[in-house]
1. Just to be sure before I move on: is Leu203 more than 56 Å from the chain's Cα centre (by Cα), open to solvent by less than 70 Å² (accessible area, probe 1.4 Å) and either at pLDDT below 95 or over 27 Å from Cys351 (Cβ atoms) (or both) in the structure I sent?
2. Quick one: which of Ser440, Ser456 is away from ligand 1 (no atom under 16 Å from the Cβ), at pLDDT 90 or above, over 27 Å from the mean Cα position of the chain (by Cα) and open to solvent by 20 Å² or more (accessible area, probe 1.4 Å)?
3. Pairs, please: C-beta under 8 Å, at least 6 apart or cross-chain, first residue touching a residue at least 24 places away in the same chain (Cβ under 8 Å) and in the stretch 809-833, second open to solvent by 10 Å² or more (accessible area, probe 1.4 Å) and hydroxyl-bearing (Ser, Thr, Tyr)?
4. Going by the conditions given, is Asp63 part of a loop (DSSP other than H, G, I, E, B), touching a strand residue (DSSP E or B) at 6+ places or on another chain (Cβ under 9 Å) and in contact (Cβ under 8 Å) with a residue 60 or more places away in the chain?
5. Determine which single condition Glu810 fails, assuming it passes every other condition in (1) open to solvent by less than 70 Å² (accessible area, probe 1.4 Å); (2) over 46 Å from the mean Cα position of the chain (by Cα); (3) modelled with pLDDT of 90 or more; (4) of a type outside the set (S, T, N, Q).
6. Return only the number of the condition from (1) out of contact with any strand residue (DSSP E or B) (no Cβ under 6 Å at 6 or more places or on another chain); (2) farther than 30 Å from Gly273 by Cβ; (3) not hydroxyl-bearing (Ser, Thr, Tyr) that Arg173 does not satisfy.
7. Taking interchain pairs and intrachain pairs at least six residues apart, which have beta carbon atoms under 8 angstrom, with the first residue in the stretch 451-463 and within 16 Å of Thr428 (Cα to Cα) and touching a residue at least 40 places away in the same chain (Cβ under 8 Å) and the second of a type in the set (Phe, Trp, Tyr) and away from ligand 1 (no atom under 16 Å from the Cβ)?
8. Would you be able to say whether some residue in the stretch 191-209 is within 28 Å of Glu118 (Cα to Cα) and in contact with a Leu (Cβ under 8 Å, 6 or more places away or on another chain)?
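The values are calculated or read from the model by the stated rules, or taken from the named source; none is laboratory data. Since we're looking at a predicted model, the values are computed, not measured. All Cβ positions, glycine included, derive from the backbone under ideal geometry; neighbour counts span all protein chains shown. Just so you know, the surface numbers come from the protein's heavy atoms only, side chains and all, with ligands and any DNA or RNA stripped out. Shrake-Rupley method; radii C 1.70, N 1.55, O 1.52, S 1.80 Å.
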Amino acid sequence: MSEPLSKAYEPQEVEKKWYSIWLEAELFVANSSDQKPPYTIVMPPPNITGSLHMGHALYTLQDILIRWRRMQGYNALWLPGTDHAGISTQVMVERDLKKQGLSRHQVGREKFTEKVWEWKAKHGSRIEEQLKVLGFSCDWSRNNFTMSEKLNRAVREVFVRLYEEGLIYRDERLINWCPSCQTVLSDLEVDHEEGVKGSLWHLRYPVHGQPGRYLVVATTRPETMLGDTAVAVHSNDKRYQDLHGANLDLPLTGRTISVIVDDILVDPEFGSGAVKVTPGHDFNDFQVGKRHQLPMLSVLDTQARIQLPDSPFDGLDRFEARKAIVETLQQQGLLSHIEDHTLSLARCDRCATIVEPTLSPQWYVKMAPLAEPALQAVRNKETVIIPEHWTKTYEHWMTNIQDWCVSRQLWWGHQIPAWYCAYCNRDTLHKNAQGEITISRQATPVVSREAPKQCSVCGHDEWIQDPDVLDTWFSSGLWPFSTLGWPDDTPDLHTFYPNSVMETGSDILFFWVARMMMMGIHFMKAPPFSKVYLHAMVRDEHGQKMSKTKGNVIDPLDMVDGVPQNQLERLPKSQRALFPQGTPAFGADALRFTLAAASVAGRDIKLNLEQLQGYRAFCNKIWNASRFALMNLEDYKPDRKVQSDELAIFDRWILSRLSNAITTVYAQLENFAFAEASLSVYHFFWNEFCDWYLELSKSQLRGDAVLPAQRHATQMVLARVLDQSLRLIHPFMPFITEEIWQKLPRVNNDEKFLMTAAVAKNDDWVKEDRVAEIQVSLLIDALTALRNIRGEAQLAPSKVLPAELHAEQEILTVLEFFKPQIERLAQIHPLSLRVTGSIKPPQAAVSVVNKIEGVISLVGLIDIAKESERIEKEIMKITTEQKKIYAKLDNTDFLARAPAEVIETQRQRANEFSAQLDKLQAHLLSLKEKELLRNP
Ligand SMILES: [Zn+2]
Ligand SMILES: [Zn+2]
């Protein structure tokens, strides 16, 4: 045994120390040639631009699984890595350049990419260091990065193979374009702002050849009229039936466009019943354009300026153009009227610029053939999604899947492995204003793993690589196998694919999980994992999303290290009052346990600092109980044999409860029931081990009358239960358990670290013992009943009182055996045991726990009149509080405005008050009866 445990538990002293020891001893490293069964989780790669938030802290669930399986004897690999996060990283570096007065175009692509790598070298590992603080046991020797040479090769291979299989193609379609970020955006990257106040402009388009006749169309974006290629009407609309196929003189352009009939687009009841069609700048109109083979005009350039060389509006920004166009139309008498209109605006989620639907040639992955087997794998349960209800969402997505636009107009990312012969494509390659190459739809690419040498058509050897890069999800979609060395047939790939579990947020089921499923099945011929566990969002105590503007963010690192008093503003507003002196360092263990305990499948994870405080107290409990145990084990000789008949009944009881806890907790982990498993651990250790066993075993450890063999037996049980408990708790709280475990007296020193020791197990000692369970539970019921009376009547705990226990005869036989313990532990003397139904003493206070009635006579102990008065006052107080809540719940205004969570909390409080009132009323009634007894 080394130094004893220090008096108080200080997580800072323990956590950093153990992480470096484990790392140094290479305990996180998995071995692909190990013969043990593999257990693999690949970590969802955090963005290199990221800083640790609660979502990352929730990787705790993965660490719990990995640590548990490792202790179970699996060859456990938790594979970490980071994502290059294309657009976020590019924006960061551009911001740095801007400070020096430079743009990326001034710097040039090659230099810019170098700058990003420099940025990565400087800041990119911050998130990894932060993950280590939480004790995550991932194999850093296999750390990956989506832009590494290894993964770059995998990405290229996948792109080329899909292209060769006809599953990747280039096409010109309408896409979401951010004129500020200068790239196409996926649906995920577009925010929809609802209820924006805007205008609806009603424009008059002259009917060609019928002077004085107009068709009125309405639009929220008048500038797009420059790109109109038709006006659509409904076939049944009598007003326009003579105009089907007629031509209109499109104002300001000198072009004529025709009137078409489209019953899908047009609602004759809405507006004028005539709809302008701009296929080049509107998603609905694009579909109309395709249905009617309309010309598709792009009238805006990539920066959303009008791009029509012969037009007076050429070069104007889209919003300046809007003003100018409306003014000109008004002057020409072509503006009918303007009305107020509420609309929804699509904005770039990064820079809030209004997104412009734009025609642009992009690369697409054909999804339907990839989705089909991924759908089947879930349907036939090769891959199981937990919670189960997400299966429906998955099926819905996979059956309605659209082709995936994978190209992005960024510089930071995997550049698309497509090349264009400069000579053959001399008419389709252009340079834009910034000197960037743009490639029109008609250009012919050569897609290959390496840059081509000589053009097979013209013999020239000047090649231009497609400037676009791939969507970040394209590389992360390969994560379960690219990180293991694919396309090479590596030992890692052999051993660790398929992975065992994918644990991630339900918000990226489609963007990430579904794509890993499709890519994994396509390239590895097997689903990437057999289980997908989806956790919900981490929210504040009212169920609100955490956000800086709401001021309700809980920063995980603050929770680990503590927040000093002068930095209280870092705490959520609602919780500052709880910690006026600042928070203590709760430590990583407490944070991990809090997150696990809050992880109820399918429900949002609501966090507040009181929970953390509670589980920090659990750490103290573990620490103090262990100190107590270790003090009582100082003279313990682990190699001395114990006979089973030397065990006290409490010893047999705690061994049986431990056996039950092990079975329960491991079954819960098997089912991903993290909250239930944590609470089982907590209940066993705190309530059964600390509250009861340590108390009950004191007499065995310290009593004068105890034989050395009995004392030694109890020491053996104490050491064993503590050892096994630490093994049970370790996956949840790795640091504190390792620190304590190292100090335990052990026979077998093969196990050097708790982290790599075996899981808690049933054995010759740790096993179910029904007799001990039944008997000790009767003892516990009796003690609880007597303590309840003391508590309710507010009797001093130290005052020795006479008491009775009433129960059936066979229970009394057991209680008879425990009489000395009951008297000692409940401060009772004398204790009388009576058969149920016996007459009770005068002014008896009674508490019933299961089949036992505790009875204490209150004669001379309390002033009944005063006690009744106290209770009446309390009843009044609670009733007033409850009325206030009922008033709120009757207030329709409150019900309409308050978040559902708040309403629910109020309802719960009202119910709790009712329960309290019931108890107090009953107590009052019994006191009054006693008073009657006294003064009949
Ligand atoms: Zn943007
Ligand atoms: Zn050529």
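1. Values: more than 56 Å from the chain's Cα centre (by Cα): no; open to solvent by less than 70 Å² (accessible area, probe 1.4 Å): yes; either at pLDDT below 95 or over 27 Å from Cys351 (Cβ atoms) (or both): yes.
So Leu203 fails the test.
2. Of the residues listed, the single one that is away from ligand 1 (no atom under 16 Å from the Cβ), at pLDDT 90 or above, over 27 Å from the mean Cα position of the chain (by Cα) and open to solvent by 20 Å² or more (accessible area, probe 1.4 Å) is Ser456.
3. Once the first residue is touching a residue at least 24 places away in the same chain (Cβ under 8 Å) and sits in the stretch 809-833, its partners that are open to solvent by 10 Å² or more (accessible area, probe 1.4 Å) and hydroxyl-bearing (Ser, Thr, Tyr) give Gln821/Ser699; Arg824/Ser699; Gln827/Ser798.
4. Considered against the rule, which asks whether it is part of a loop (DSSP other than H, G, I, E, B), touching a strand residue (DSSP E or B) at 6+ places or on another chain (Cβ under 9 Å) and in contact (Cβ under 8 Å) with a residue 60 or more places away in the chain, Asp63 comes out as no.
5. (1)
6. Of everything listed in (1) out of contact with any strand residue (DSSP E or B) (no Cβ under 6 Å at 6 or more places or on another chain); (2) farther than 30 Å from Gly273 by Cβ; (3) not hydroxyl-bearing (Ser, Thr, Tyr), Arg173 misses just condition (2).
7. Hits for this filter: Glu462/Tyr423; Trp463/Trp419; Trp463/Tyr420.
8. Taking the stretch 191-209 as the starting set, the residues that turn out to be within 28 Å of Glu118 (Cα to Cα) are none.
No; the residues of the stretch 191-209 include none that is within 28 Å of Glu118 (Cα to Cα) and in contact with a Leu (Cβ under 8 Å, 6 or more places away or on another chain).
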